[in-house]
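*Asks:* Quick one: the structure is below, questions incoming.
The values are calculated or read from the model by the stated rules, or taken from the named source; none is laboratory data. As the structure is a prediction and not an experimental result, all values here were calculated from the model. Cβ sites come from the backbone with ideal geometry, for glycine too, and all protein chains shown count toward neighbours. Side chains included, ligands, DNA and RNA excluded: accessible areas come from the protein's heavy atoms. Shrake-Rupley method; radii C 1.70, N 1.55, O 1.52, S 1.80 Å.
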Amino acid sequence: MKYYIGIDLGGTNIVAGVVDEQYNILAKASTKTNCPRPDREIARDMAKMAIQAVENAKLTMDQIEWIGIGTPGIANSRDGIIEYSNNLGFVNTPMVKYIQEDIDKPVFVENDANAAAYGEFVAGAAKGANNAVCITLGTGVGGGIIIDGKIYAGSNFAGAEIGHTVISVDGPQCTCGRKGCFEVFSSATGLIRMTKESMAKNPDSSMHKLVAERSGKVSARIAFDAMRMGDAAAKAVVDDYIKYLAAGITNTINTFQPDILCIGGGVCNEGDALLLPVKELAAKEVYTRNSKQNAQIVIAKLGNDAGIIGAAFLGNAQ
């Protein structure tokens, strides 16, 4: 049996996992990222978590084939450098070099959304596909693209920024500087914004009651839960959200024509209430609607483990 280490580096947590060749996570270790601080310190903690995860799996480092890292930002997988990550404060961080100073193993680095997409490709909802796209609906909209079994990162390692394709030219301001991005409408953040806007216009909506019951916090679940209670204003929010999400997904399918397009992130916990109407709209709008073969739209299977599993197998993705 072969074993690999996958590290999911995030702005909040560092999580390392030991994964076997059948894609099972045997053990994990985690710590806070504690940004901002020097990149070398963060790298040292990543190495510590990798070593701890191996110990937790009751293995030795001699049994590990390689280490893979999924990171936010632009990850130059050829040179082993994180060129830029605004969340982590990294600029041209030589991450592979840093990790290898602490652990003498091959090390690979990739953008976190790409790593998660690769995880779904090798072991999750996109398993068996040749071409796949994975879209994550979180704080933003992340994208990962697999073409002929390989991660597509573009000529400058910044490819797959699907969230920053524009849905509405004069739409709300996006943090990237453009207006009306897919991310503005279809991220969990976008859904929360639309929910708040509707609540302000509809003081009698049951969304207010749900928020009050949940410590006053507006979450991405509020509109869906209120819709299930028969609230018309909440249903309008959900319908708008699904309309924009289906538009972005249709654009992506029209561009890449993957075998499978999987969507992940917390919003996807809504299951069929989200998936079925998105599939229905996309089927009507996709350019290839009259073709015999079209992309399957599915919900991601691996959850938070996708990044660890995908990172662990980056040695096969090069």
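*Asks:* Could you sort 72-79, 109-116 so that the peptide with the highest average Cβ count within 10 Å comes first and the rest follow in order?
*Replies:* Taking the mean over residues of other Cβ atoms within 10 Å, the ranking is 109-116, 72-79.
*Asks:* Now, a different point. Sorted by packing (mean other beta-carbon atoms within 10 Å per residue), highest first, where do 186-199, 30-43 land?
*Replies:* 186-199, 30-43
*Asks:* Calculate what fraction, in whole %, of the accessible area of the chain sits on carbon and sulfur atoms when a 1.4 Å probe is rolled over the protein chains.
*Replies:* 47 percent
*Asks:* Which of V141, V169, V237 moves most in a GNM of the chain, Cα contacts under 10 Å?
*Replies:* Result for the chain, Cα springs under 10 Å: V169 fluctuates most.
*Asks:* Highest first, please rank the peptides 294-307, 264-277 by the mean number of other Cβ atoms sitting within 10 Å of their residues.
*Replies:* Per-residue mean Cβ counts within 10 Å order the peptides as 294-307, 264-277.
*Asks:* Now for a separate question. For every helix of n ≥ 4 consecutive DSSP H residues, a contribution of -39,500 (n - 2.57) applies; sum these over the chain, divide by its total residues, and give [θ] at 222 nm rounded to the nearest 500 deg cm²/dmol.
*Replies:* It comes out at -11500 deg cm²/dmol, rounded to the nearest 500.
*Asks:* Right, here's the next one. Taking P(r) over Cα pairs in 10 Å bins from 0, in percent straight from the coordinates, which label in [x] 6, 24, 28, 18, 10, 5, 4, 3, 2, 1, 0, 0; [y] 6, 26, 31, 23, 11, 2, 0; [z] 5, 26, 35, 24, 9, 2, 0 is the correct one?
*Replies:* [y]
*Asks:* Here is a follow-up. Counting Lys and Arg as +1 and Asp and Glu as -1, each charge on the Cβ, what is the dipole of segment 16-110 about the Cα centre in debye, to the nearest 20?
*Replies:* 320 debye
*Asks:* Here is the link list: K2/K150; K179/K201; K196/K217; K217/K301; K32/K301. Which ones come out longer than 18 Å on Cα distance?
*Replies:* Listed pairs above 18 Å: K2/K150; K179/K201; K217/K301; K32/K301.
*Asks:* For K284, list the aspartates and glutamates whose Cα falls under 20 Å from its own Cα; do not include residues on the same chain fewer than 8 positions away.
*Replies:* Answer for K284, where 20 Å is the Cα cut-off: D239, D240, D259, D272, listed by chain and number.
*Asks:* Another one. For the chain, with every protein chain kept in place, what is the accessible area per residue (1.4 Å probe, Å²)?
*Replies:* 46 Å²
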